[in-house]
There are 2 protein chains.
Amino acid sequence: MTGPRPRPADRPSRGRQRASHSIEAVLGAAVALLDEAGEPALTLRALATRLGTGVGSIYWYVSGKDDLLDRAIDHVLGGVLTAVEGRTGSDDPIDDLRVMAVTLFDAIVDRPWLGAHFMRRTDVQGNSLRLFEKLGQQTLRLDLTPLQRFHAVSAIVGVVVGNAADLGQEPPQEVFDGFVDRDEFLGRYTETWRALDAEEFPFVHDIVEEFDGHDDKEQFLAGLDLTLAGLRLQAGA
Amino acid sequence: MTGPRPRPADRPSRGRQRASHSIEAVLGAAVALLDEAGEPALTLRALATRLGTGVGSIYWYVSGKDDLLDRAIDHVLGGVLTAVEGRTGSDDPIDDLRVMAVTLFDAIVDRPWLGAHFMRRTDVQGNSLRLFEKLGQQTLRLDLTPLQRFHAVSAIVGVVVGNAADLGQEPPQEVFDGFVDRDEFLGRYTETWRALDAEEFPFVHDIVEEFDGHDDKEQFLAGLDLTLAGLRLQAGA
DNA sequence: TTCGACCATAGAACGAGGTTCGATAATTGC
DNA sequence: GCAATTATCGAACCTCGTTCTATGGTCGAA
């Protein structure tokens with residue numbers, strides 16, 4: 001029953017001692033795999049091949065696949081964080097919140113695999129927590145109770161995650177291969193919906209025409225603005 | 001290149017001809033496994049063992065694991081649908097929307113494994129689409145454009161999914177074994193958060209006290225009411 | 001009654017994936 | 001220089017989803 005072996009990530013790496021693979025290289029390759037072919041493409045063997053090493057080596061930098069995914073997410077969230085930080089500073093804190101939420105959403109559009117796990121662990125440290133903090137700082141400028149602030153940030157994150165969750169799971173295998181584009185994919189929805197019984201599905205019939213040329217981002221923005229309108233009302237601004 | 005073999009699910013079962021296992025039995029056992037130990041517990045072998053059959057038999061009723069999960073989800077969503085239908089009919093459509101959203105959320109609290117896949121496929125038929133329709137029918141009573149209606153429903157579903165997503169993934173393996181209860185689990189959060197630098201994390205410090213005794217449902221309700229307030233504003237009601 | 005056609009079941013076998021383990025080189029500290 | 005630590009590698013193991021083939025069982029037709 002020995003304790004876990006020491007890993008480079010566990011201690012401050014004092015000077016690089018000619019490591020052919022750093023944790024950054026591992027994470028970068030992992031993100032590349034995810035970007036290229038989605039989450040199922042991230043296997044330890046594929047990662048090892050891409051890095052030109054053996055599977056076992058990866059376990060030196062990472063405790064397992066879950067840890068690998070967590071770190072890869074945190075890795076890209078670092079970029080998102082700096083992107084977010086560069087766009088704050090408006091007069092209106094709610095406008096700032098909006099911009100930040102949109103930035104988050106755009107990041108998930110670029111990397112759909114983020115959607116499923118985005119903001120999974122707002123727990124200990126990491127860029128996930130830092131993003132949470134950055135959002136929350138805007139609420140400090142609003143006339144709210146701490147609890148209201150907390151709920152406001154949770155709600156905004158909820159809207160982002162809830163809408164982004166739609167994105168990260170649909171493409172059966174079309175978008176990657178380009179056999180079918182997204183418009184045609186959505187077209188099948190509208191056809192099916194139009195064929196439904198009008199008596200039993202009045203709502204679907206009411207909206208089915210809008211669904212043609214449907215835009216995920218527009219849908220997200222509408223939901224976000226609904227929530228922000230409620231927040232603005234609550235803050236009495 | 002032969003077509004798919006006929007399956008009982010593909011045709012109306014005309015009278016039961018002494019089938020020891022029905023599709024309902026398979027789905028029921030699958031849901032039981034999911035309820036007992038979460039998604040990783042649902043393996044075809046475990047399911048076969050529980051049913052007292054072989055793995056191959058399951059493929060008679062289901063085309064694969066994805067199909068199994070989809071049907072299991074649709075199975076429980078059937079119950080959710082009737083629960084939702086029993087609670088509508090108030091004067092205020094937005095109040096009805098609220099009640100329905102809460103019912104959905106409660107269903108996910110009861111079955112955290114639903115969270116990750118909830119409303120995954122609002123596509124063709126199924127109870128998922130029916131729930132979508134039921135929510136939408138309330139918006140027909142509001143003075144909105146079809147597009148606004150669509151966005152409103154999407155936003156509400158987004159809030160439910162976004163907040164429920166938090167639920168379905170936390171318990172590393174504590175809640176199932178009962179080694180650690182949820183309160184103590186959350187207590188670790190507050191400790192870690194309190195230890196953060198106050199200069200760098202002013203927001204987290206502002207809200208950390210509220211996080212003790214934190215209630216997921218309360219958090220969800222606050223976010224939902226924010227969105228509904230925005231909707232009420234938009235509908236001019 | 002007998003014989004096929006179809007329903008339904010069962011489990012061995014395959015391939016892919018995550019993880020473990022021991023061997024081994026490379027580097028560092030003394 | 002020598003031992004301890006650092007880092008690497010891939011074979012082997014186990015689990016899981018899936019496929020395939022074999023085998024009863026039921027029922028209608030000859």
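The values are calculated or read from the model by the stated rules, or taken from the named source; none is laboratory data. All of these numbers come straight from a predicted model, not from anything done at the bench. Cβ placement follows ideal geometry from the backbone for every residue including glycine, while neighbour counts extend to all protein chains displayed. Note: accessible area is taken over every heavy atom of the protein model, side chains too, but ligands, DNA and RNA are not part of it. Shrake-Rupley method; radii C 1.70, N 1.55, O 1.52, S 1.80 Å.
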### Task
Could you tell me which numbered condition A:Met119 fails, if it satisfies all but one of (1) open to solvent by less than 60 Å² (accessible area, probe 1.4 Å); (2) within 11 Å of chain B (Cβ to nearest Cβ); (3) in contact with a Leu (Cβ under 7 Å, 6 or more places away or on another chain); (4) not aromatic (Phe, Trp, Tyr)?
(3)
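Name the single residue, out of those in the range A:123-160 being of a type in the set (Val, Ile, Thr) and without any contact (Cβ under 8 Å) to a residue 12 or more places away in the chain, that is nearest to the other protein chains (Cβ to nearest Cβ). Lay out the reasoning, then the answer.
If we filter the range A:123-160 for residues that are of a type in the set (Val, Ile, Thr), which is where we start, we get A:124, A:139, A:145, A:153, A:156-157, A:159-160.
Filter once more, so that each one left must be without any contact (Cβ under 8 Å) to a residue 12 or more places away in the chain: A:124, A:145.
Working: A:Val124: 5, A:Thr145: 8 Å.
For the range A:123-160, the residue satisfying everything is A:Val124.
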### Task
Name every residue in the range A:132-150 that is open to solvent by less than 20 Å² (accessible area, probe 1.4 Å) and part of a helix (DSSP H, G or I), in order of residue number.
A:Phe132, A:Glu133, A:Leu135, A:Gly136, A:Gln138, A:Thr139, A:Phe150
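Name the one entry in B:Val109, B:Val80, B:Val84, B:Val76 that is open to solvent by 20 Å² or more (accessible area, probe 1.4 Å), of a type in the set (A, V, I, L, M, F, W, C) and assigned to a helix (DSSP H, G or I). If you could, list the steps in order and put the result at the bottom.
Details: B:Val80 fails: open to solvent by 20 Å² or more (accessible area, probe 1.4 Å); B:Val84 fails: open to solvent by 20 Å² or more (accessible area, probe 1.4 Å); B:Val76 fails: open to solvent by 20 Å² or more (accessible area, probe 1.4 Å).
Just one listed residue meets the conditions, B:Val109.
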## Note on the structure
Within the range A:18-46, of all residues that are open to solvent by 30 Å² or more (accessible area, probe 1.4 Å) and part of a loop (DSSP other than H, G, I, E, B), the one modelled with the highest pLDDT is A:Thr43
### Query
So how many residues does the range A:60-70 have that are open to solvent by 70 Å² or more (accessible area, probe 1.4 Å) and either under 23 Å from the mean Cα position of the chain (by Cα) or more than 23 Å from A:Asn127 (Cα to Cα) (or both)?
3
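Does A:Thr49 satisfy the condition of being of a type in the set (Ser, Thr, Tyr), at pLDDT 95 or above and within 9 Å of DNA strand C (Cβ to nearest atom)? Give the steps one after another, and end with the answer.
Values: of a type in the set (Ser, Thr, Tyr): yes; at pLDDT 95 or above: yes; within 9 Å of DNA strand C (Cβ to nearest atom): no.
No: the conditions fail for A:Thr49.
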#### Entry: Unmet requirement for B:Ile94, which otherwise passes all of (1) within 16 Å of DNA strand C (Cβ to nearest atom); (2) within 14 Å of another protein chain (Cβ to nearest Cβ)
(1)
### Message
Checking the condition modelled with pLDDT under 95 and assigned to a helix (DSSP H, G or I), which residue from A:Val180, A:Val157 passes?
### Response
A:Val157
### Task
List every residue pair whose Cβ atoms lie under 8 Å apart, where the two residues are 6 or more positions apart in sequence or sit on different chains, the first residue falls within the range A:64-83 and is closer than 16 Å to A:Ala107 by Cβ and within 14 Å of chain B (Cβ to nearest Cβ), and the second residue, located anywhere, is in a helix (DSSP H, G or I) and within 16 Å of DNA strand C (Cβ to nearest atom).
A:Ile73/A:His117
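Give B:Leu224, B:Leu233, B:Leu228 a once-over and let me know the one that is assigned to a helix (DSSP H, G or I), modelled with pLDDT of 95 or more and surrounded by fewer than 16 Cβ atoms within 10 Å (Cβ to Cβ). Even if it seems obvious, please write down each step before you answer.
Numbers: B:Leu224 fails: surrounded by fewer than 16 Cβ atoms within 10 Å (Cβ to Cβ); B:Leu228 fails: surrounded by fewer than 16 Cβ atoms within 10 Å (Cβ to Cβ).
The conditions single out B:Leu233.
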